[in-house]
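One structure below.
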Ligand SMILES: [Zn+2]
């Protein structure tokens with residue numbers, strides 16, 4: 001994974017590179033979260049970037065992320081070629097992997113029959129990053145965690161288990177003395193940064209914030225958070241899977257993978273110690289989001305109706321409309337594990353690939369506030 005692709009190494013380019021060393025264009029896939037498999041030069045400042053999934057079968061989540069520098073300032077064309085897969089994400093550009101902007105519409109041409117996208121890019125000796133979404137490596141998420149642990153000293157972080165690549169999988173608690181808990185799980189699927197990272201962070205920050213409702217909530221509930229369930233996949237630039245090639249959100253019945261096992265073992269130990277899990281949310285992103293996956297109507301009848309009350313409160317108290325999609329509780333999804341095995345209501349929270357990031361944050365804040373209010377009203381300590 002950690003290679004710098006120097007296009008001069010490609011046979012097709014050796015002559016032009018020898019003749020024009022100052023115009024050498026370098027593609028970089030050496031950083032965590034990168035995904036670029038190879039590059040070919042087509043002449044006239046045109047390149048094809050080949051993007052392949054790490055594992056198959058895989059759904060259509062063609063994540064790409066790479067850097068480009070050039071010995072001279074110029075405009076180049078880069079065609080993203082996903083092989084058998086089709087272009088999905090509008091490319092985002094960044095000078096530093098921190099601030100990102102969508103590529104201008106006039107600088108991208110999508111070929112819907114080939115499934116490719118051709119980008120016009122200005123390159124120079126200053127690297128630009130091109131990625132499907134804002135790059136969020138495990139280090140990025142953990143730096144954010146470190147900053148909130150300083151701001152919110154009541155939070156405690158511990159290791160819940162190891163990943164396939166023997167990295168730590170972390171869990172946070174807001175108050176381990178309290179028996180009633182809510183659980184949040186984020187980023188099982190690496191490319192799903194809009195809902196899985198941006199939305200999740202805003203949701204969590206609202207719950208650990210200074211508002212009256214957040215303070216009341218934290219007096220009653222412990223918030224248990226798994227902030228990045230698939231750090232290996234995020235750093236490998238995987239389209240969907242963990243480092244074993246498993247889609248983690250299909251592993252909540254079999255529990256073949258250490259990442260899902262870590263959550264199961266942590267939560268079930270907590271329950272043995274007297275914790276009651278009142279609600280669970282699993283954060284994702286879809287091309288057709290925002291929406292939430294909720295319980296089917298037969299199962300909903302058996303509940304305290306936290307989910308429909310929550311949705312009603314969101315819609316009564318904000319301008320957000322909630323699209324709830326019912327799914328079978330037979331599916332091996334995270335939220336179904338919480339409903340079937342833990343006995344609490346649970347949802348999958350999906351935001352959308354290209355939804356404005358401020359809207360994603362605002363929605364997450366409103367949903368978090370309304371969930372805290374709903375849980376305080378719907379559940380009791382006995
Ligand atoms: Zn997902």
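So is residue 198 within 13 Å of the ligand (Cβ to nearest atom), farther than 19 Å from residue 59 by Cα and buried (at least 22 other Cβ atoms within 10 Å of the Cβ) or not?
no
Here's the yes/no breakdown for (1) within 16 Å of the ligand (Cβ to nearest atom); (2) assigned to a loop (DSSP other than H, G, I, E, B):
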{"residue": "110", "(1), (2)": "no, no"}
{"residue": "121", "(1), (2)": "no, no"}
{"residue": "143", "(1), (2)": "no, no"}
{"residue": "153", "(1), (2)": "no, yes"}
{"residue": "170", "(1), (2)": "no, no"}
{"residue": "183", "(1), (2)": "no, no"}
{"residue": "188", "(1), (2)": "yes, yes"}
{"residue": "191", "(1), (2)": "yes, yes"}
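For the stretch 309-330, which residues satisfy the criterion of being in contact with a helix residue (DSSP H, G or I) (Cβ under 7 Å, 6 or more places away or on another chain) and closer than 24 Å to residue 363 by Cα?
Correct list: 309, 310, 313, 314, 317, 318, 320, 321, 322, 324, 326.
Going through the stretch 123-136 one residue at a time, which ones are in a loop (DSSP other than H, G, I, E, B) and within 22 Å of residue 87 (Cα to Cα)?
Hits for the stretch 123-136 are 132, 133, 134, 135, 136.
In the stretch 210-253, which residues are within 16 Å of residue 338 (Cβ to Cβ) and surrounded by fewer than 19 Cβ atoms within 10 Å (Cβ to Cβ)?
Listed by number, the residues that qualify are 250, 253.
For residue 177, are the conditions met, namely being more than 16 Å from the ligand (Cβ to nearest atom), without any contact (Cβ under 8 Å) to a residue 60 or more places away in the chain and outside the structural domain of residue 350 (by TED's automatic domain parsing)?
No.
Could you list, in sequence order, all residues of the stretch 344-361 that are away from the ligand (no atom under 16 Å from the Cβ) and touching a residue at least 40 places away in the same chain (Cβ under 8 Å)?
344, 345, 357, 361
Can you tell me which of (1) within 20 Å of residue 361 (Cβ to Cβ); (2) within 16 Å of the ligand (Cβ to nearest atom) is the one residue 217 doesn't meet?
Tallying (1) within 20 Å of residue 361 (Cβ to Cβ); (2) within 16 Å of the ligand (Cβ to nearest atom), residue 217 fails exactly one: (2).
Could you tell me whether the stretch 11-26 includes any residue that is in the same structural domain as residue 127 (by TED's automatic domain parsing), surrounded by 12 or more Cβ atoms within 10 Å (Cβ to Cβ), modelled with pLDDT of 95 or more and not in a loop (DSSP other than H, G, I, E, B)?
yes
Go through the stretch 229-260 residue by residue and tally those that are part of a loop (DSSP other than H, G, I, E, B) and more than 17 Å from residue 284 (Cα to Cα).
8
Quick check on the stretch 279-305: of everything there that is more than 16 Å from the ligand (Cβ to nearest atom) and surrounded by 21 or more Cβ atoms within 10 Å (Cβ to Cβ), which residue is farthest from the chain's Cα centre (by Cα)?
Per the criteria, the residue is 295.
The values are calculated or read from the model by the stated rules, or taken from the named source; none is laboratory data. Bear in mind that the values here come from a model prediction, so they are computed numbers and not experimental data. With ideal geometry, Cβ positions are generated from the backbone for all residues, glycine too; neighbour counts draw on all protein chains shown.
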